[in-house]
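The next block holds one structure in the form of structure tokens; read it before the comments.
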Amino acid sequence: MLSVNKKAFFDDFTFLVDENVYEPAEDSFLFAENLPAKGFCRVADVGTGCGILSIVAAKRAREIVAIDLNPYAVRCARQNAKLNGMIDKIVFIQGDLLSPINQNVKFDLILFNAPYLPTERENTSWLERSWAGGETGRGIIDRFISEVSERLSPNGQILLMQSSLSGIDQTLRRYVAQGLNPQVIARRSLPFFETIVLIKIMRQKESKKYAPRST
């Protein structure tokens, strides 16, 4: 049973947030504000949390798969989809990254607000797992990068949210090494010398390409 003790709001949507689920914050809202305006056939929302990105994207997508390792998040997101009238467009799955999805299934848009904060402590609660990225902050990000390109349709794109504390340039370099084209499309400065950025990654080459900085 869910223990809902918070509410969040974006546009005309209302989100109920369980105590074991990440509450939408600056990163969630920056991500939602920068979702593509055009429609997509098939979307994957990895680490869906309370479902904010799936539900906002459902306005323009034909089919969305919302995935989260946290069982409380899956139930919370499903409840919010019902609350906001989007339940018929979203499938909810509990699992690790994209592993629950058949390898043959490709997506036109893959969303991931990653756990990106560095931490040395072992994370035992579901809530901590939603933001903790291991000692460098890249534990989950690097796993995602190594797996996600195989799940992308030929003209699809990936949107990845992360922090300056977890090595933005390293993420860009890793995607370039895979022959992809990453670009930072939005950023927001936060207290304590942290900046969150939204990175768009595409197979097709655009006019402006990322060039790794010389060291």
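Observations on the model:
- Close Lys pairs in the chain, defined as Cα atoms under 21 Å apart and 8 or more places apart or on different chains, number 18.
- Here the 3J(HN,Hα) profile of segment 95-111, calculated from phi with Karplus coefficients 6.51, -1.76 and 1.60 at θ = phi - 60°, is x, 9, 6, 9, 4, x, 8, 3, 4, 7, 7, 10, 10, 7, 8, 10, 10 Hz, Gly and Pro shown as x.
- Extended-chain gain in nm, criterion 0.36 nm per residue less alpha-carbon gap, Asn102 and Asp11: 29.4 nm
- Estimated from helices alone, the mean residue ellipticity of the chain at 222 nm is -6500 deg cm²/dmol (sum of -39500 (n - 2.57) over DSSP H runs with n ≥ 4, per residue).
- Net charge over other residues, Cβ less than 10 angstrom from the Cβ of Val197 (K, R count +1; D, E count -1): +1
- Basic side chains Lys and Arg get +1 at the Cβ, acidic Asp and Glu get -1 at the Cβ, and with that the dipole of the chain about its Cα centre reaches some 840 debye.
- Of Ala132, Ala177, Ala58, the one that fluctuates the most in a GNM where the chain has Cα springs shorter than 10 Å: Ala177
- Once both labels are positioned 7 Å from their Cα atoms along Cα-to-Cβ, the gap between Ser153 and Gln183 label points is 2.0 nm.
- Using C-alpha pairs below 8 Å separated by at least 6 residues, the relative contact order for segment 18-202 is 19 percent.
- Span from the segment 87-103 Cα centroid across to the segment 109-148 one, whole angstrom: 18
- Residue among Phe192, Phe29, Phe92 with the largest mean-square fluctuation in a Gaussian network model of the chain, springs linking Cα atoms under 10 Å: Phe192
- Distant-in-sequence amide H partners of Val91 (H built 1.01 Å from N, under 5 Å): Ile64, Val65, Ala66
The numbers here are math on the coordinates, done by the rules we state, and not lab data. The structure displayed is predicted, hence computed values, not measured ones. Cβ atoms come from the backbone with ideal geometry, glycine included; neighbour counts cover every protein chain shown.
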